[in-house]
Amino acid sequence: MTLRFQPIGTGSDLTLDAPRLIIAAYTGRNAAAVAAHIAELAAIGIPPPASVPTFLELDPSLVTSDPVIKIRGANTSGEAEPVLIRHNGRLYLGVGSDHTDRDLERADIAASKAICPKPVGHHVIALPDDVSALGWDAIEIESDVDGQPYQRGSLASLRTSTDLLSRMTSTLGELADDFIMFCGTVPLLTGAFHAGRHWRLHLKLDANTSLTHSYEVLPRDG
């Protein structure tokens with residue numbers, strides 16, 4: 001399989017052949033808040049993770065930049081996430097949605113994520129060689145569902161990119177291949193999942209640089 005993205009300002013495509021897909025979860029920087037969130041999820045039947053943060057490896061064919069995705073489950077929802085993409089040793093930043101089946105999540109978190117496509121915007125940003133110079137904490141992220149605000153926050157609430165990359169390597173081992181890693185998300189404004197149809201994701205680095213991706217969810221036949 002081949003995935004194509006376009007780094008802003010280059011006019012050329014970034015082509016990845018069979019990258020690995022990693023979903024990082026429970027990536028909040030505040031350990032007490034993460035523990036409280038895990039307890040809230042346990043109260044509605046979602047089992048706690050084996051480790052914090054958690055790194056799941058899924059089929060990279062789930063990644064798509066298409067404006068429409070098709071889902072079998074009736075109770076699914078997305079969440080805006082920063083997405084790190086590594087190609088030939090260079091890192092890029094995108095915006096995506098870890099769309100998840102919320103009913104299946106109560107029984108099997110990995111399966112609930114593996115059953116849904118993973119939308120990622122076509123445009124990405126090339127990161128500096130020293131990723132720690134990115135200014136991660138100042139990046140703003142948000143999502144809307146069906147025209148209503150769903151998430152608003154900054155990446156200061158998440159573990160930094162360098163921390164996540166280090167922890168991913170400790171968990172999965174050194175990855176020699178290209179990869180795409182979803183880096184976790186900020187809290188929902190209402191605290192409740194919404195199984196909406198129209199999703200908009202937005203990542204803002206500064207006044208002049210931002211990434212936006214929108215997608216629609218339709219039921220899959222059969």
### Message
For Thr100, Thr171, which order do you get if you count the other beta carbons within 10 Å of each Cβ and list the fewest first?
### Response
Thr171, Thr100
### Message
Less than 10 Å Cβ to Cβ from Asp221, Lys/Arg counted +1 and Asp/Glu -1: what total charge do the surrounding residues give?
### Response
+3
## Note on the structure
In deg cm²/dmol, rounded to the nearest 500, the helical mean residue ellipticity at 222 nm of the chain, built from -39500 (n - 2.57) for every DSSP H run of length 4 or more, is -4500 deg cm²/dmol
### Query
For region 13-90, what is the Kirkwood estimate of the hydrodynamic radius, computed as the reciprocal of the mean inverse distance between distinct Cα atoms, to one decimal in Å?
15.4
### Message
Sort 204-211, 23-30 by packing, meaning the average of other beta carbons within 10 Å per residue, with the highest value first.
### Response
23-30, 204-211
### Query
Can you list the lysines whose alpha carbon sits under 24 Å from that of Lys204, skipping same-chain ones fewer than 8 residues off?
Lys118
### Message
Going by Cα centres, region 169-212 and region 111-138 are how many Å apart?
### Response
6
### Task
Name the shape class, rounded, prolate or oblate, that the alpha-carbon gyration tensor gives for region 2-219, where a ≥ b ≥ c are the square roots of its eigenvalues, rounded holds for a/c under 1.5, and otherwise prolate holds if a/b is larger than b/c and oblate otherwise.
rounded
### Message
Quick one: 3J(HN,Hα) in Hz for region 63-77, Karplus 6.51/-1.76/1.60 with θ = phi - 60°, rounded, Gly and Pro as x.
### Response
6, 8, 10, 5, x, 10, 10, 10, 10, 7, x, 8, 10, 10, 7
### Task
First obtain the Kirkwood hydrodynamic radius of region 53-148 from its Cα pairs, then insert it into the Stokes-Einstein equation at 4 °C and 1.567 mPa s, and state the resulting D in µm² per second as a whole number.
87
### aspartates and glutamates whose Cα lies under 17 Å from that of Lys70, excluding same-chain neighbours fewer than 8 positions away
Asp59, Glu79, Asp98, Asp101, Asp103, Asp146, Glu216, Asp221
### Message
Just to be sure I understand the model, the point goes 7 Å from the Cα along the line to the Cβ. What's the resulting Val52 to Ala31 distance in nm?
### Response
0.9
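Going by how many other Cβ atoms sit within 10 Å of their own, how do Met1, Met181, Met168 line up, fewest first? Could the numbers behind the result be given before it?
Values: Met1 10, Met181 26, Met168 21.
Neighbour counts put them in this order, fewest first: Met1, Met168, Met181.
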### Task
Could you please rank Phe5, Phe182, placing first whichever residue has the fewest other Cβ atoms within 10 Å of its Cβ?
Phe5, Phe182
### Query
Relative to the present Cα-Cα distance, how much length would full extension add between Ala126 and Ser12 at 0.36 nm per residue of separation?
39.8 nm
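Coordinate-derived values only; no laboratory data. Nothing here was measured: the structure is a model prediction, and the numbers come from that model. Counting neighbours? That spans all protein chains shown, and the Cβs are built from the backbone with ideal geometry, glycine included.
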